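A.B. asks: I have a structure I would like to understand better, so I am pasting it below and will then ask my questions one at a time.
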Ligand code: AMP
Ligand code: GLY
């Protein structure tokens, strides 16, 4: 089979790493890919949002399956275009991708299909937003409707922060038309967990749980990022409860999409908050989480390709995901300035000696290779160091050891990935 992976991040590197191991894969392409992917797949010089170019390429090269990593091409209708041209694609249609592309769509969908989520109101002006915020009380959560690369959620804690947030959304219009409509919702408290599942349009198969660390700063402070680290299992949700949550909180999406005439084929990612009143969906994504994908691929024992192929054909049949019982940890190496404007263009050293242990992988994201062979840090999130271990402590130890062997001047790493969970575990053991 010829497989095309779309995207260029750590998630896509991990997907290529896993798919290239499949005996069914005769050829793996990645568009546009990155320097880490070069050794596993043929990188194709097409941007991930060039949906017409990607479709032409898949048709011309007779690609048997296209696997879409990021959300933008999905919201632009890549899956629809490919399907129109007879291509098999693992990724939802433009309609279904609105679950991630429009927070208003997602919240109204959840309300329509009875999924537990934070109470909310949709507003389109400053005065209405303030009135809704007053109704919910502070802190309150404000979300720009459209895609904002993970930065469109503001959580003002007091009146001054509320004034600032309303100004950002409605006066400065920092999120542009993404904030034409805004969700105002109740602020929930609890542990966050990511539950990721594959769908063939009818049924779901969920992955083991994962937890990511979204804030830039240690101790979970500072602005949200795409994710600075992750581990699987989540350690905050017993694995035995995952199936029930998938049934109650993810399956209604699959059933609802099918009932609305838009079967959902692809990855459904539930971002959950485990509140005292039970789990609530904070958001859906229509793709693998990054960095959650990396530890999940390390834990995936079964061949991924036949499962994705079966899903794309509309029926899992007998294909199943199976997992090892180890713990996988992932630490993101970013460049100073992220999630704002990162320092760019520094040479990364230590890449050649970085990986010399089995069960550890260094995945590339914001890297670029120069003609002299050296590799530069050119993005916010640059690399992710991932490792397996018999327990979280040893998986983290190995992931950090790998992260520490790679250097560039602006490198930043959160040193506390998994720490709070480990401490809680130690407390439980000590009790
Ligand atoms: P989202 O893009 O909707 O996942 O929001 C990004 C982050 O904002 C989440 O990972 C949470 O940490 C936080 N968040 C979103 N919605 C809420 C909420 N209703 N209550 C508390 N925190 C939230
Ligand atoms: N790590 C969270 C996300 O991919 O949205």
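A.B. asks: Take the residues of region 223-241 that are in a strand (DSSP E or B) and more than 12 Å from ligand 1 (Cβ to nearest atom): which is surrounded by the most Cβ atoms within 10 Å (Cβ to Cβ)?
C.D. replies: 232
A.B. asks: Can you tell me which residues in region 209-222 are touching a residue at least 12 places away in the same chain (Cβ under 8 Å), more than 12 Å from ligand 2 (Cβ to nearest atom) and part of a strand (DSSP E or B)?
C.D. replies: 216, 217, listed by residue number.
A.B. asks: Output the residues belonging to region 176-185 that are away from ligand 1 (no atom under 16 Å from the Cβ) and either in a loop (DSSP other than H, G, I, E, B) or at pLDDT 95 or above (or both).
C.D. replies: Matches in region 176-185: 180 only.
A.B. asks: Which one is nearest to ligand 1 (Cβ to nearest atom), of the residues in region 118-143 that are in contact (Cβ under 8 Å) with a residue 40 or more places away in the chain, over 19 Å from residue 222 (Cα atoms) and touching a helix residue (DSSP H, G or I) at 6+ places or on another chain (Cβ under 7 Å)?
C.D. replies: Looking at the filtered set, the residue picked out is 120.
A.B. asks: Now for a separate question. Would you say residue 162 is part of a loop (DSSP other than H, G, I, E, B) and either within 16 Å of ligand 2 (Cβ to nearest atom) or touching a strand residue (DSSP E or B) at 6+ places or on another chain (Cβ under 9 Å) (or both)?
C.D. replies: Answer is no for this residue.
A.B. asks: Looking at region 257-297, which of its residues are more than 16 Å from ligand 2 (Cβ to nearest atom) and either crowded, with 24+ Cβ neighbours inside 10 Å or closer than 23 Å to residue 27 by Cα (or both)?
C.D. replies: Within region 257-297, 264, 265 qualify.
A.B. asks: To continue, here is another question. Looking at (1) assigned to a strand (DSSP E or B); (2) under 23 Å from the mean Cα position of the chain (by Cα); (3) surrounded by fewer than 21 Cβ atoms within 10 Å (Cβ to Cβ), which one does residue 122 not meet, given that it meets all the others?
C.D. replies: With respect to (1) assigned to a strand (DSSP E or B); (2) under 23 Å from the mean Cα position of the chain (by Cα); (3) surrounded by fewer than 21 Cβ atoms within 10 Å (Cβ to Cβ), residue 122 is out only on (2).
A.B. asks: Output yes when any residue across region 311-320 is within 29 Å of residue 190 (Cα to Cα), away from ligand 2 (no atom under 16 Å from the Cβ) and buried (at least 16 other Cβ atoms within 10 Å of the Cβ), and no when none is.
C.D. replies: The answer is no; no qualifying residue exists.
A.B. asks: Another question about this same structure. Among (1) farther than 28 Å from residue 398 by Cβ; (2) in contact with a strand residue (DSSP E or B) (Cβ under 9 Å, 6 or more places away or on another chain); (3) not in a helix (DSSP H, G or I), where does residue 173 come up short?
C.D. replies: With respect to (1) farther than 28 Å from residue 398 by Cβ; (2) in contact with a strand residue (DSSP E or B) (Cβ under 9 Å, 6 or more places away or on another chain); (3) not in a helix (DSSP H, G or I), residue 173 is out only on (2).
A.B. asks: Now a separate question. Kindly indicate which of 388, 362, 383, 321 is closer than 26 Å to residue 67 by Cα, touching a residue at least 24 places away in the same chain (Cβ under 8 Å), part of a loop (DSSP other than H, G, I, E, B) and under 21 Å from the mean Cα position of the chain (by Cα). Give the derivation first.
C.D. replies: Working: 388 fails: part of a loop (DSSP other than H, G, I, E, B); 362 fails: part of a loop (DSSP other than H, G, I, E, B); 383 fails: part of a loop (DSSP other than H, G, I, E, B).
The unique qualifying residue is 321.
The values are calculated or read from the model by the stated rules, or taken from the named source; none is laboratory data. Please read all numbers here as calculations on a predicted model, not as lab measurements. As a convention, Cβ positions derive from the backbone with ideal geometry for all residues, glycine included, and neighbour counts pool all protein chains shown.
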